[in-house]
Every structure is written in C-alpha cells, then in structure tokens.
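A.B. asks: Starting off with a structure, shown below.
Since every read-out is calculated from the coordinates, none of them should be taken as a lab result. Given the structure is predicted, the values throughout are model-derived calculations rather than measurements. As a convention, Cβ positions derive from the backbone with ideal geometry for all residues, glycine included, and neighbour counts pool all protein chains shown.
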C-alpha cells in the first residue's frame, strides 16, 4: 500500500509526497502537530496541515532568515527568535561567533519537544549553552522588552491562530523598541505568488517603524510556489552596504557572499509589491 | 466531482492541481500532449505527463531563458529557439529591437498547433513576420548550420525520447559552430535539487566548446523543486560584464537589471555542482 501526504497549499493547488511512516501526531493547545517520514524529503514537521520544515530542504529557510541580518549587524551579541521551536534558526544564529545569547521564544512547547525527539539534526542546537528557551507568547515577550536584542528573527507559521499577531503593525513597532541601537528585524513573509497582500501589509507595517526596510527572497522547495519572501527592518545598517570582505565564510549550503546581495535582487512582479 | 491533476515530478514527490476541464489531448509521433485548464495556474501544457508551461507562471521560464543572452550579446540579429513550440521564448526574443529573424526549430508540429489554439497568449508571437518556423529535428538543423545565429536558445523538454540528444556534448559543439563570432548559447538544464548529474554533465559539455560558461537560476513555480537552472555558453561576452545602463528596460514580469546579475549569484549547493 502506498501512502501519500498531500498539502493543499491553496484550495486548488498543492504538493504531494510519498510517506514511509507517520512518526508522531499530537493535538497541542495551539495546533495539530505531525512528524512524517517522506521518501523524497525525509522527516517533515507539519503544523495544522502545513509543511514547516523537512530534513532535506530545511537549510534554505533557516539560513536565509538568519544570515543576512546577522551579517549586516556590526556586532550581534543577543538575538531572539520568535517562533521557530524546531531550533533550525537558532542553529544558524549560533554560527556567528559574536553571538553570546540566542533566545528562543516559542509559544508551543510541544513543537520543541517533538523536534528534539524526531528532528535532532535541526533541534540539536537548542542544547547549546548560549541558548535560552522561553516557552511563552512572543507578542507579550516583545511588548515587555526594551533595548535588549541586537537582532530579532520572526520565524512564524502562516498567519492563522496564534500567529496572526506576528504580522501586525503594533508587533513590529514593539520589536523596534525591543531592539538595540543598531537593531535589525527579519520576518518570514510568505510567498510572493500566493500571499501578495500579506507581503504588502507586512512591508508597510515594518516601514512605519524602521527607516530601512528591504524585501528579499529564497527558493524553499517544499513551500507554496517555491519562492519565499523575508522582510528586513533595520535601524541603521543597509544590508546591501555591507562590504563584501565583511561577509563571513559560514558553513552553509545556501547562503554565501554572492547570495547575500543576490537575494535582494527582486523579480519585477515581486518588486512591484513593495516599491511604489 | 473534483478532478485533480497530479504530476509525479520524482517517483516520490509531485504537485497536484484542481482542474476545471481537459481541453485537448493527443498522441503525437513524439509524445503524449494534453492541455488542461487548472483553477490555480490557468491553462497548462503537459507533455508526457510533465507540466511544460502554464498561463500564470510561464513568464518566469520564458523571460529567463531568453533575456540574459539577448542582453549580453552586443547586437543579436538572428536567433534560433530549439524546441519551444509553445512560442513563449520567441515572444520574449522579439522584445529585443535588434532581432530581425527568430527561427523556431520544433520537431513536433502538434505542439505548435495546440499552443496556437489553446495558449494564444503564449503562442501569438509566432504570427510575427520576423518569425520563421521550421518543423524539423533541431539536432539535424544545428548540424547543418554554420556561422548563422547570434543566439541559440535550447528550450527542450526533459531529457527523454527525442530530447536526449539536446543535452549531449556533440550537440553543444555543433551549436558552437552554428553561432556567429560573438555567439551565445543558453540551454535549460533542469532542477539543481533533482537533476544534479544532468547539470554537471551539461555544464562540462558546454564548457568543452565555449570559453565562457555560466550557470544561472530562476524560480519557476510549477517546475520540480521550484528552482530551475539555465546554462550559458558564450564565445566572447561574459554576461556579468554587461554594463548596467546597457540592460534594456523590457516589458517583463520577472527579468530586470537587478535580476540580470542576481540570477548568477548561486547558492552554495548549486555552485558546488559546477565550480570545482
């Protein structure tokens, strides 16, 4: 018997993957969680029926939400990841030697537990002594924090349920306050093909607080449309003005010096979403 | 009743799209052809069960196989498209005012006919007086041609059936001979995730004939993995040495000046395929 997992990424389109087995399912206070083992992409974390990460392609998203900001910031010491309970973004953050503290702010402890058990390649970095784990509401945590983080990375799920507030203007304004003087925010902002209004709203919301706002993209194979967007808000540094020789050679599979600049070179249909 | 079309892009992974109706199917001397109308991507041309192009996302592939070469060449007057019976690449070629003749070399006349009838937005350019249509084997045509074309674009299907020879070293060597002194070749070379050996072999084959060989990528939403590669072989001009102001502002949805350079900035796992 062949079992296939199909994610309807829109009501009328999706991806389908042959599975070896379902490793774990749970109903948490926040969402439906599943870890399935697929033939093509390996183990896959699925929340509310949407693929969050897979062993084979997780490197793209995790590297690309973290490194442009960590590279652009002159000296990132304290970094917060909002969401991201699988630990992949934390792993990338820790590749920057200046980082002394990486705080994971995840609302759903079950995501952390399941990832540590079933996705150790991704979640293993959560054991690092530089990591602090806060199981709490990221919106509340950011509201209560001032002048604390050098970089804040918003690794949210799609804007449904608990994640809706992670795309709001007031959240971005509070992030601005929670950041230090050179602070940089990066938020994942979904597909430029399927989520155009969300990108426009997020960009406008970030732009209200941050003097420098930039959209960039990467290709995440298992995400809707493949093309994925990230929005950066920066208090002082423009990511494109970083000197080439100041971009560190990291142990990465996607990000590099060329990609640091190339990711910001937007196709017309993407650029038109955010440039008037 | 809901009908869904599923393409297994690998034996274990694929895309699935809800369809409104099947508009046309045919068994040609070369392949199985279908035109289906999908809710998410509109009308879709399918050859041997593989999506070739869709109304909604055809612009990415057609622009990105054509414009980097047409821009890099100092004065492209005569251009050949090998394959590409849907006419989308020809349409993009004709956006360059220097082009006097665009020759479509398609082995399967039924692809041209079906595209003209069911995909007029794509195939309409085939009516242009600058277009010559040759229904013949592209491999044979190139073998018989010397010092004729300024740019040759190989818009092939996957390397199965009649298309196998379109990825061979001898074909690339013959293309070199068919090109004029500043000539440039671009071939579509599949997914950097799923077709790594093909990319390596094509790159090596092109490099044997062409002094300048470069790989670049674009995100084609309905193609396997989303990420798609193109390999350029150039006799004289390096595409990255084109001056910014010499890149024309074309009526395009994907390609622009920034993308012209950005597409060549390869993620590590792609770069490693072709850079020793």
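A.B. asks: In segment A:58-274, what % of DSSP beta bridges are antiparallel (nearest 5)? Each step should come with its number before you reach the end.
C.D. replies: Details: 13 of 33 bridges.
Counting DSSP beta bridges with both partners in segment A:58-274, the antiparallel share is about 40 percent.
A.B. asks: Please average, across the residues of B:1-7, the number of beta carbons from any other chain that are within 10 Å of each residue's own beta carbon, and give a whole number. Please report the intermediate quantities before stating the final value.
C.D. replies: Numbers: counts 0, 1, 0, 6, 0, 4, 1.
Rounded to a whole number, the mean comes out at 2.
A.B. asks: Taking the beta-carbon count within 10 Å as an exposure proxy, list B:33, B:250 from fewest neighbours to most. Don't skip to the end; give the middle numbers.
C.D. replies: On the way: B:33 22, B:250 17.
Sorted ascending by nearby Cβ count, the order is B:250, B:33.
A.B. asks: Where both partners of a DSSP beta bridge lie in the protein assembly as shown, what percent of those bridges are antiparallel, to the nearest 5?
C.D. replies: 65 percent
A.B. asks: Over chain B, what is the relative contact order in percent, taking alpha-carbon pairs closer than 8 angstrom and at least six residues apart?
C.D. replies: Values: 569 pairs, mean separation 43.2, N = 276.
Reported as a whole number, the value is 16 percent.
A.B. asks: For segment A:58-274, rounded, prolate or oblate, judged on the Cα gyration tensor with a ≥ b ≥ c (square roots of eigenvalues), a/c < 1.5 rounded, else prolate if a/b > b/c?
C.D. replies: Details: a/c = 1.19, a/b = 1.14, b/c = 1.05.
Cα axes put segment A:58-274 in the rounded bin.
A.B. asks: Follow-up question, since we're still on this one. Between residue B:37 and residue A:147, what is the label-to-label distance in nm when each label sits 7 Å out along the Cα-to-Cβ direction?
C.D. replies: Between residue B:37 and residue A:147, the label points sit 6.3 nm apart.
A.B. asks: Suppose you put the label 7 Å out from Cα in the Cβ direction; list, shortest first and in nm with one decimal, how far residue A:253 is from each other copy's label.
C.D. replies: Listed shortest first, these distances are 3.1 nm.
A.B. asks: Evaluate peptide A:219-228: per residue, the Cβ atoms of other protein chains within 10 Å of its Cβ; return the mean as an integer.
C.D. replies: Mean shielding by partner chains, rounded to a whole number: 6.
A.B. asks: Find how many whole Å separate the alpha carbon centroid of segment A:136-153 from the alpha carbon centroid of segment B:6-70.
C.D. replies: Rounded to whole Å, the Cα centres lie 45 Å apart.
A.B. asks: When you look at the Cβ of every residue in B:8-15, what mean number of other chain Cβ atoms sits within 10 Å? Intermediate values should be presented prior to the final figure.
C.D. replies: Details: counts 3, 3, 4, 3, 11, 11, 8, 6.
Going residue by residue through B:8-15 and averaging, the value is 6.
A.B. asks: Once both labels are modelled 7 Å past Cα along the beta-carbon direction, what's the residue B:253-residue B:197 spacing in nm?
C.D. replies: That separation, rounded to one decimal, is 3.6 nm.
A.B. asks: Given a cut-off of under 8 Å on Cα pairs at least six residues apart, what relative contact order in percent is computed for segment A:3-54?
C.D. replies: It comes to 26 percent, rounded to a whole number.
A.B. asks: Using mean Cβ contacts within 10 Å as the protection proxy, how do B:233-241, B:72-80 order, highest first?
C.D. replies: On the way: B:233-241: 17.2, B:72-80: 20.4.
Answer by packing, highest mean first, reads B:72-80, B:233-241.
A.B. asks: Next question. Output needed for segment B:1-45: three equivalent-ellipsoid semi-axes, defined as square roots of 5 times the C-alpha gyration tensor eigenvalues, in descending order, whole Å.
C.D. replies: Working: eigenvalues 66, 52, 14 Å².
Those come to 18, 16, 8 Å.
A.B. asks: If neighbour count is taken as other Cβ atoms inside 10 Å, put B:22, B:38 in order from fewest to most.
C.D. replies: Details: B:22 13, B:38 24.
So the ranking, lowest neighbour count to highest, is B:22, B:38.
A.B. asks: Given 0.36 nm per residue, what is the gain on full extension from residue B:117 to residue B:160 after removing their alpha carbon distance, in nm?
C.D. replies: Numbers: separation 43, 0.36 × 43 = 15.48 nm, distance 2.57 nm.
Once the chain is fully extended between residue B:117 and residue B:160, it gains 12.9 nm.
A.B. asks: Cα axis of helix B:58-72 to longest principal axis of chain B: angle in degrees, 0 to 90, nearest 10?
C.D. replies: That helix lies at roughly 10 degrees to the long axis.
A.B. asks: Could you give the distance between the Cα centres of segment B:257-276 and segment A:233-253, to the whole Å?
C.D. replies: 17 Å
A.B. asks: Can you tell me the relative contact order of segment B:105-245? Whole percent, Cα pairs under 8 Å, sequence separation 6 or more.
C.D. replies: On the way: 216 pairs, mean separation 27.8, N = 141.
Relative contact order for segment B:105-245 comes out at 20 percent.
A.B. asks: To check my understanding: the extent here is largest minus smallest coordinate of the Cα atoms along each principal axis. What are those three numbers for segment B:1-97, in Å, largest first?
C.D. replies: Here the Cα extents, ordered largest to smallest, are 54, 29, 26 Å.
A.B. asks: What is the percent of Cα-Cα separations in the protein assembly as shown that go past 38 Å? Intermediate results must be reported in sequence, preceding the final value.
C.D. replies: Values: 46086 of 152076 pairs.
Taking all Cα-Cα pairs of the protein assembly as shown, the fraction more than 38 Å apart is 30 percent.
A.B. asks: If you project the alpha carbons of segment B:218-276 onto the principal axes, what extent comes out on each, in Å, largest first?
C.D. replies: Per principal axis, max minus min of the Cα coordinates gives 32, 30, 18 Å.
A.B. asks: Now, a different point. What distance in nm separates the two pseudo spin-label positions at residue A:168 and residue A:238, each 7 Å out from Cα along the beta-carbon direction?
C.D. replies: The two pseudo-label positions are separated by 3.3 nm.
A.B. asks: So what's the angle, to the nearest 10 degrees on a 0 to 90 scale, between helix A:169-178 and the longest Cα principal axis of chain A?
C.D. replies: Computed tilt is about 60 degrees.
A.B. asks: Using the 10 angstrom Cβ neighbour count as an exposure proxy, how do A:65, B:199 rank, fewest first? It would help to have the intermediate numbers written out before the result.
C.D. replies: Working: A:65 26, B:199 20.
Ascending Cβ contact count within 10 Å gives the list B:199, A:65.
A.B. asks: Report the residue of chain B with the smallest Cβ-to-axis distance, using the rotation axis that brings B onto A, in whole Å.
C.D. replies: Smallest Cβ distance to the axis, with its residue: B:226, 1.
A.B. asks: Further, regarding this structure: Any idea what the residue B:130 label distances to the other copies are, label 7 Å down the Cα→Cβ vector, nm, shortest first?
C.D. replies: Values, ascending and in nm: 5.5.
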